[in-house]
Amino acid sequence: MPSLPTLIFIAIFCLESLAAMLQNGFLVTMLGREWVRCRMLSTSDMIVACLAASRFCLHGVAMANNLLASLDFSRAVPYMNIFWDLFNALTLWYTALLAAFYCVKISSFSHPTFAWLKWRISRLVPKLIKGSLIICGLEVISSATGNILFGQRKVSLSSYRNETLVYRVQASFQLYFFLYDGFVWSIPFLLFLVSTVLLIVSLCWQLGQMRDLRPGPCDPSTQAYTMALKSLTFSLIFCTLYFLSLFASALKIINFQNHWHWAWEVLIYANICLHSTVLVLRSPKLKKGLKTWPQLQCPCDAGSQGFGRCWP
């Protein structure tokens, strides 16, 4: 029988996961409804829809995986880990792609590379979405193959009853998978980090110019830029904490047991849950959809170009 603290953190984790699935399900439903009725989606909405779908599945798999592990269904956990690897990789890549898209479209840098990307990025996004899916699929296949080979090697060595050799092989495989996961996760995270920081720098520069021309904090344009900077800062914090949490788990820096394991899971997935909240609250159309969901009209009928700026 689990202890009382364990049950409390399990309940918090499940409620958090269900809330995150509800948020991301709402995003997918709204954007899917727009696509069905209008037969089109804006480029940013394509990325947001893919990101929301991957996060919906990630939270569902994480909740199922942790519950199966706590109920001693250890045989099903490796299979669930395959799906978790896939949706976690997709979440990281689509988050990076969303940040890169807004960096290119909104930043005011005059470098020729930014000018070329700003002209081409909308056409490249569908290909980048498909490319991210292919990359994540290859990553999961290679990771699953490595785990299968490791399991077979461990079984063959165990037959010789050489515990020292088994320990060394296990340690070498753990080091390999740590380096592999660190490399695979670092690429999209660095893309997200660079894109977000560049966008923050650009918006700060634009805000400084705007304050020189229009002094006063009550100016609507100044308030819009300030809110965008706050949203970007929160997104940067949440996504960075999520990456660092994954890194700490892979490195086995923190090896919590019992209720502390569930507390750590609550902390990890709270970051992407909060980032999904930022996406909803920073989109005017989505905020309106929360209030007038049954009467929501197709944005194309109103001459809109999508769900507005949904800051990364």
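The values are calculated or read from the model by the stated rules, or taken from the named source; none is laboratory data. Bear in mind that the values here come from a model prediction, so they are computed numbers and not experimental data. Here the Cβ positions follow ideal geometry from the backbone for every residue, glycine too, while neighbour counts run over all protein chains shown. These accessible areas exclude ligands, DNA and RNA; they are computed on the full protein's heavy atoms, side chains included. Shrake-Rupley method; radii C 1.70, N 1.55, O 1.52, S 1.80 Å.
Side notes on the structure shown:
- One residue from M46, M80 being modelled with pLDDT of 85 or more and out of contact with any strand residue (DSSP E or B) (no Cβ under 7 Å at 6 or more places or on another chain): M46
- Among the residues making up segment 101-127, those that are closer than 15 Å to T196 by Cα and either under 24 Å from the mean Cα position of the chain (by Cα) or not polar (S, T, N, Q) (or both) are F101, Y102, C103, V104, K105, I106, S107, F109, F114.
- A52 touching a Pro at 6+ places or on another chain (Cβ under 7 Å), in contact (Cβ under 8 Å) with a residue 40 or more places away in the chain and either assigned to a helix (DSSP H, G or I) or within 25 Å of T240 (Cα to Cα) (or both): no
- Residue match in segment 86-101 (condition: among the aliphatic types (A, V, I, L, M), open to solvent by 50 Å² or more (accessible area, probe 1.4 Å), closer than 29 Å to Y225 by Cα and touching a residue at least 24 places away in the same chain (Cβ under 8 Å)): no
- Each residue in segment 128-144 was checked for being under 20 Å from the mean Cα position of the chain (by Cα) and open to solvent by less than 100 Å² (accessible area, probe 1.4 Å), and 11 pass.
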